[in-house]
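Right, one structure below, let's go through it.
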Amino acid sequence: MGGVNFAETSETTSDSPVTTSPDLPGSTANSDAAHEVLRRVFGYDSFRGLQREIVEQVIAGGDALVLMPTGGGKSLCYQIPALVRPGVGVVISPLIALMQDQVDALTALGVRAGFLNSTQFPDERRTVEAQFLAGELDLLYLAPERLGVESTLNLLDRGKVSVFAIDEAHCVSQWGHDFRPHYLALSVLHERWPDVPRIALTATATQKTAAEIAERLDLTRARHFVAGFDRPNIQYRIEPKNRPDQQLLAFITGEHAGEAGIVYCLSRNSVEKTAEFLTRNGVEAVPYHAGLDARVRAANQSRFLREDGLVVVATIAFGMGIDKPDVRFVAHLDLPKSVEGYYQETGRAGRDGLPSTAWMVYGLADVVQQRKLIDSSDGDAAHRRQLQQHLDAMLALCETVECRRTQLLAYFGQRGEPCGNCDTCLNPPESWDGTVAAQKVLSTVLRLKRERSQSFGAGHIIDILLGKSNPKVVQHNHNELKVFGIGADLRDVEWRGAIRQLLAQRLLAVHGEYGVLVLTEASDEVLFSGRKVMLRREPERTKAAKAPRAKTSRLAAADLAPGDADLFEKLRAWRAGVAKEQGVPAYVVFHDATLREIAARKPASMAELGAISGIGENKRAKYGDGVLEVIGGEGVSGAPAAGAGAAEGVASRGSRAPETVAGRDSRASESISGGSRATETVPGRGTPAAESGSSRGSRAPESASGSDSRMGASAARGNSRTTELGAGRAASAGGPGLGRGSRTPEPGSGRTTRAGDRNRPPAAEVPDWDHEPPPDWDFEPPPDDTY
């Protein structure tokens, strides 16, 4: 077996106080236990980077604050301590729409996981609570808002908690891009359970944000771990905006045809128009934003996770916690508000370490719009200054003539060398002395104000500079200004670029509802004090040099011999059938990297299969026979057997291999069926067969408050165990699962309800706080009027 299949990162450790030491008594035993869980459950031979130090810190009872890039293996840093320490690991996650997928992925590994949130029926929650109290779970997922309910705190008091993991910890930052108010109350964990170690994790934090996280979560005395932020497999490219829909289409069809990607837009209206435009032009795309019906959102998210080659067009309401490893590109059609947001969003590409692209188009209108939004934002002057600083850093990244990667790393306090894999490295832009051009623009704005008491937007200023006698110019007699026509030496597009950069450098400002241009204090330095202005000359755009693009599977198989590549494709086809049968994303079965190693090494026995990186004992028991059958050239079509024990229901949800994890009691290998689905509720997906061995719990009606619903008999789908808790579970794979019948369609509604005519809990039992709130910038921007 190789090491964990995560992208390499550079590692540094801060000088924060250390609460525990690897030399503490028992640390060797802890390390051995952690390594055994890593090998047996997750199928990896060694830790990567800072993982071992972090895991040992938490197992020994110490607190930790972890900054690690997307794809760096953060989840192992709390999952392994939860499996080694006695008790149940409690994971605080803001993503209730993804909790079922997180539980499914852990269940596939043989880890006993469950969640509590408002998408469940009361008896489902009671079952999970009983499992927690009985020590029948290894990990329990909660939303931060649920910890504000006293009954949840009392529940945790009655059980034994091994570790608290606070995922997406940057959500505690009030200046951050994903602020969640209920994260501010998580200091209660240390106050109420001082002996339980805590680990807070995030992929995105500057030094200032990290300090704020530590302060607000009472982790100032925790040991801090900071891994490198570089994602070398991602190519960063920013292009001038010119017909962005056509630019996007050319980018996708030319470089990423048939590959999965995410396109970010600022407004909901843009999301829907862009998704429709791509679909109309042969790119399969779905929209996602907070204004869509909850069922549509859930269905589109499910399709993106489970289907190959789908593009999702979304506001920033989408993406946090998405673990899809083969997202080949992230595109931005509008300027992000901050470098943190940009890094977080682009980091969703290439989690598998294969070449991926972060592509953005950016223009004058973006700068004008963002400045207007800041001026009109709620909050005091300090809040607006903070927003302005975030935007200034983002504009500096867009306008740099240096390596984009080094500038990105510098923002997070890390050094880097020119990467050779961004647009400014591959096609370096030129700098030019734009002092005279800047003076012409500023003089035009000044004369309009002094001589006419007028202010106009960028478009009209450019018309005056170019000497265009259009109706608006003539109407205001602006053709009589001394500055009329003094800018004929530059083209319209060059003037737009110059004004964009003057705005970025704060030599111009935007004012009022209509986004008119006004001078700043720094403008006088250019007009009257001889300040030099350097501008970025956009190169004539040719396609940036890059590796040839192919379908995702071919990228993953690039270094394989022809025969091995054919086997790799057969393994992918087998995996797709198993994933569809089980109703889970394909990567929950095996990642491409694991299939690639299987294709290259061609194991001929279960023992040899166990030596493949990423195959733990549970997956080997569950899928081993099916893999060996494909290698032997048999049964590749359709949905083959999931693997060893398939006939006995081993592929059903919640199955557990017949072994212990770090000394825990073993569970019988026969799994409980999740209960057959009478009707598939996700639009556009087929109705699965109701075989008892692979069926999953059916979905419950969507939440009354409009959440992305993954309702289902969650206790049966992700939380079922062979130990009976008095909830009426069947002891065989063919049983109804937790004593529940399947759900049937509710007449005339298109939704589902329980057999037995049971309804959703009353509104009082489904608080709307337990849902992802739409971000405050998920809105419709004002129309482009003057620019």
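Quick rundown of the values:
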read-out	value
Hey, THR315 in contact with a Lys or Arg (Cβ under 7 Å, 6 or more places away or on another chain), in contact (Cβ under 8 Å) with a residue 40 or more places away in the chain and crowded, with 23+ Cβ neighbours inside 10 Å or not	yes
Some residue of the range 477-500 being modelled with pLDDT of 90 or more, more than 25 Å from PRO240 (Cβ to Cβ), within 43 Å of the chain's Cα centre (by Cα) and not in a strand (DSSP E or B)	no
Scope the range 33-80; condition surrounded by 23 or more Cβ atoms within 10 Å (Cβ to Cβ), assigned to a helix (DSSP H, G or I) and of a type outside the set (A, V, I, L, M); matching residues	GLN51, GLU56, GLN57, CYS77, TYR78, GLN79
Candidate set from the range 9-32 (those that are modelled with pLDDT under 75, in a helix (DSSP H, G or I) and hydroxyl-bearing (Ser, Thr, Tyr)); member that is farthest from ALA611 (Cα to Cα)	SER27
Residue in the range 406-442 that is surrounded by the most Cβ atoms within 10 Å (Cβ to Cβ), counting only those that are within 26 Å of THR209 (Cα to Cα) and of a type in the set (Phe, Trp, Tyr)	PHE412
Lone unmet requirement of (1) assigned to a loop (DSSP other than H, G, I, E, B); (2) touching a strand residue (DSSP E or B) at 6+ places or on another chain (Cβ under 9 Å); (3) charged (D, E, K, R) for ARG221	(2)
Filter result for VAL271 (in contact with a Cys (Cβ under 8 Å, 6 or more places away or on another chain), outside any loop (DSSP other than H, G, I, E, B) and at pLDDT 95 or above)	yes
Wholly within the range 282-396, helices (runs of 4 or more DSSP H) carrying at least 3 residues that are at pLDDT 95 or above	none
Test: residue in the range 145-154 that is without any contact (Cβ under 8 Å) to a residue 12 or more places away in the chain and acidic (Asp, Glu)	yes
Sole residue being within 15 Å of ALA97 (Cβ to Cβ) and aliphatic (A, V, I, L, M), chosen from VAL367, VAL296, VAL313	VAL296
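Residues are listed down the side, and each one gets a yes or a no for (1) among the polar types (S, T, N, Q); (2) surrounded by fewer than 24 Cβ atoms within 10 Å (Cβ to Cβ):
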position	(1), (2)
ALA82	no, no
ARG85	no, yes
GLY89	no, no
PRO94	no, yes
LEU98	no, yes
ASP104	no, yes
THR107	yes, no
GLY110	no, no
PHE115	no, no
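Condition check ((1) in contact (Cβ under 8 Å) with a residue 24 or more places away in the chain; (2) within 18 Å of the chain's Cα centre (by Cα); (3) closer than 22 Å to SER93 by Cβ) across all residues:
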| residue | (1), (2), (3) |
| --- | --- |
| LEU186 | yes, no, yes |
| HIS190 | yes, no, yes |
| ASP195 | yes, no, no |
| ALA205 | yes, yes, yes |
| PHE225 | yes, no, yes |
| ASP230 | yes, yes, no |
| ILE252 | yes, no, no |
| CYS265 | yes, yes, no |
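The values are calculated or read from the model by the stated rules, or taken from the named source; none is laboratory data. All values reported here derive from a predicted model rather than from experimental measurement. Cβ coordinates were reconstructed from backbone atoms using ideal geometry, including for glycine residues, and neighbour counts include every protein chain displayed.
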